[in-house]
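The values are calculated or read from the model by the stated rules, or taken from the named source; none is laboratory data. Everything quoted here is computed from the prediction, not taken from an experiment. All Cβ positions, even for glycine, are placed from backbone atoms using ideal geometry, and neighbour counts span all protein chains on display.
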Amino acid sequence: MCGISGIVNYNGQPVDISMLRMMAETLNHRGPDDEGYYVNRAHAHPQTPKWKSTPGKGNTGLVHTRLSIIDLSSGHQPMTNEDETLWITFNGEIYNFLDLKKELSSKGHRFRTNCDTEVIIHAYEEWGKECVKKLRGMFAFALWDEKNQTLFLARDRLGIKPLYYYSDPSKFLFASEIKAILQHPQIPRELNQEALKDYFSLLYIPAPKSIFKGIYKLLPGYTLTVHSHGITLNQYWDLDFHETSPCSIREESQWCEKILAKLKEAVSIRLISEVPLGAFLSGGVDSSAVVALMSSLITKPVQTTSIGFHEQKFNELPFAHLIVNRYNTDHYEMNISPDAVEALEKLTWYFDEPFADSSAIPTYYVSWAARQKVTVALSGDGGDENFAGYRRYYFDRLENQVRSLLPACLKKNFIGTLAKIYPKADWLPQVFRAKTLLTNLSLDPVEGFYNSMSWFGQLKETILHSDLRKELNGYNPSHLFHEYYESANTDDPLSKIQYIDFKTYLVDDILTKVDRASMAHALEVRVPLLDHEFVELVATMPSTLKLKGKEPKYLFKKALKPLVPDEILHRGKMGFSIPISSWLRTDLKKIFEDSVFRKNSVSKRYLDINTVANLWKSHQSGLREYSTELWSILFFEFWGKNWLNNE
């Protein structure tokens, strides 16, 4: 993987090379092997006077920091075509680049390297902006077209690779990470208030917003063109759930064959590498499937990596060992005792934005462990979104069934009132924790799903500072869920909420977590279960084959039965978790109190500190479980100290 960034000065000011170097320095962890710059020639174009610049110094600059994976000797970037009219800085991998190279060669294109970056340049020469539709892989790139004086940016279909941008009347900047954009002294570090409310609802900030006003995420499946009069966005891909009917037993077997064949192909094309390659192995269904298929495709043992914890509740190593023994993998594992404070300090720098998914900590450590052995690792991310593996999908379907039987007046009045007064009884057995269920039944299906996915409950409206609440004027983060629910090309309720997850939780939580945690250690992670052709195939599968009764991933598990032990296929979902709850009562107790409750804390500026204090006391008493909410507050405090100043 790599780090990319750059700048276009609309006002014709020449690019400052020292600024490009500072941007590169912040991205060095993403690409420690090489570094490159490009500044365009100065041109005066009568048709586009805004692009005039000082003779000899151009107004456009590109930056690249490289992690060498393919064509180690000749893949230096930014890379150009033969006549130096196209320049590209690229982050990612194009897995079908050899096929594209062959096709382009037959059309007369000549190649100087053996890397996928040059294929993108020639694909742009041949097909223009439509070239992105030809690419199979994970990518974020920016291509400067000297002849047309345009900058063309693109992000892969699922959002595996990140791309941020900033635009004002005088300049345009882009980067793999926000920290590179913030190197420009004229970029305001002004907090986006709506994004802050998004964060304290979802624990992440959904695209296209970022935590900073004026800085945006390029949406997955989109391109962006920068020209003399501004920017133009275009969507080139979307996930389409086709309506299909239930299947017979024979058709189920055919689906199993199709799914395994396409996944095997997706794994196979991700094995191209000139550096050591392996896989994460958690002991779950998805990573086990990837390792099993890798073992069938390569002759030597697969290099696998796992981490364990001393707290057995969070330790999955016994399940990982089942795959290690079955496929005789070259296994490397570490038992981790994370330093909670050190992890918090590191993550708030690498993530740039508030990010409260605590599984970022084990992801950070397993990436570090894997990097001791390999430079590329395959992961199992995406299986739950594809095959309805989350428990929330079953509960959502159940709620819809109950909701359809209730008269409207009963849902709104009686059940809604009961939900408000029902105690939040975290300390009771789960069967008695009915508050979320009652609240969801009083809401429409979209609001009910949003309520299941969001945090702070009724405290959503009081956790923020009163002045901030006034300025937000009733803003509700659920609007994005409604937008995606309505735009999903399906009438199936399960497919609709899967579509929401693909557009929000997958890209801005799961994939963001994996990208930042792995790139912190210069580790490239490839995700075969998010191969877009595989995702498109699974989207056409009847939803009854994904969630059958109470069984999540029904058909996927059936397809994997010859490859993965039953103990893994039918184990309860564990998740990649750490003991945050106990940490907040031990290791993190003092640091929370000393930072969040200090006189000039960031939290006191933006949050209702009395609400925070009540949450803290309730959690410390042991009667309430507020670990996730308190972790989100602590992460925000540390993030704010790092990024809400101009140093």
*What pairs can you find where one residue is in region 536-552 and surrounded by 18 or more Cβ atoms within 10 Å (Cβ to Cβ), the other is among the aliphatic types (A, V, I, L, M), and their Cβ atoms are less than 6 Å apart, with a gap of 6+ or different chains?*
A539/L239; S543/L494; L545/L555; K546/A388; L547/A388; P552/A388
*Out of F309, F355, F319, which single residue is among the aromatic types (F, W, Y), under 21 Å from the mean Cα position of the chain (by Cα) and buried (at least 16 other Cβ atoms within 10 Å of the Cβ)?*
F355
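Examine region 165-180 for a residue that is closer than 30 Å to N386 by Cα and either in a helix (DSSP H, G or I) or not assigned by TED's automatic domain parsing to the domain that holds G12 (or both), and state whether such a residue exists.
For region 165-180, residues closer than 30 Å to N386 by Cα and either in a helix (DSSP H, G or I) or not assigned by TED's automatic domain parsing to the domain that holds G12 (or both): present.
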*Which residue, of L239, L233, is crowded, with 17+ Cβ neighbours inside 10 Å and at pLDDT 95 or above?*
L239
*Within region 481-521, count every residue that is closer than 28 Å to A175 by Cβ and either out of contact with any Leu (no Cβ under 9 Å at 6 or more places or on another chain) or of a type in the set (D, E) (or both).*
12
*Does L281 satisfy being over 15 Å from F534 (Cβ atoms), within 22 Å of the chain's Cα centre (by Cα), crowded, with 22+ Cβ neighbours inside 10 Å and not polar (S, T, N, Q)?*
yes
*asked:* So in region 445-459, with the set limited to residues that are over 24 Å from the mean Cα position of the chain (by Cα) and within 15 Å of K197 (Cβ to Cβ), which one is surrounded by the most Cβ atoms within 10 Å (Cβ to Cβ)?
replied: L459
*When you go through (1) closer than 19 Å to I181 by Cβ; (2) buried (at least 20 other Cβ atoms within 10 Å of the Cβ) one by one for S167, which number turns out not to apply?*
(2)
_Suppose we keep only residues that are aromatic (F, W, Y) and part of a helix (DSSP H, G or I) within region 592-626. Which one would you say is farthest from H465 (Cα to Cα)?_
F592
*asked:* For region 247-263: of the residues being among the polar types (S, T, N, Q) and at pLDDT 90 or above, which is surrounded by the most Cβ atoms within 10 Å (Cβ to Cβ)?
replied: S253
*Out of region 449-487, which residues are under 18 Å from A613 (Cβ atoms) and of a type in the set (S, T, Y)?*
T462, S466
*Check region 62-69 and report whether any residue there is in a strand (DSSP E or B), of a type in the set (S, T, N, Q), within 18 Å of L153 (Cβ to Cβ) and at pLDDT 80 or above.*
yes
_Looking at T244, T304, T299 in this structure, which one is in the same structural domain as S543 (by TED's automatic domain parsing), in a loop (DSSP other than H, G, I, E, B) and either at pLDDT below 95 or closer than 26 Å to M138 by Cα (or both)?_
T299
*Go through (1) part of a helix (DSSP H, G or I); (2) in contact (Cβ under 8 Å) with a residue 40 or more places away in the chain; (3) of a type outside the set (G, A, S) and name the single condition Y484 misses.*
(2)
*Scan region 77-131 for residues that are more than 23 Å from G159 (Cα to Cα), in contact with a strand residue (DSSP E or B) (Cβ under 9 Å, 6 or more places away or on another chain) and assigned to a loop (DSSP other than H, G, I, E, B) and report the count.*
3
*From the list P362, P318, which residue is in a helix (DSSP H, G or I) and touching a residue at least 60 places away in the same chain (Cβ under 8 Å)?*
P362
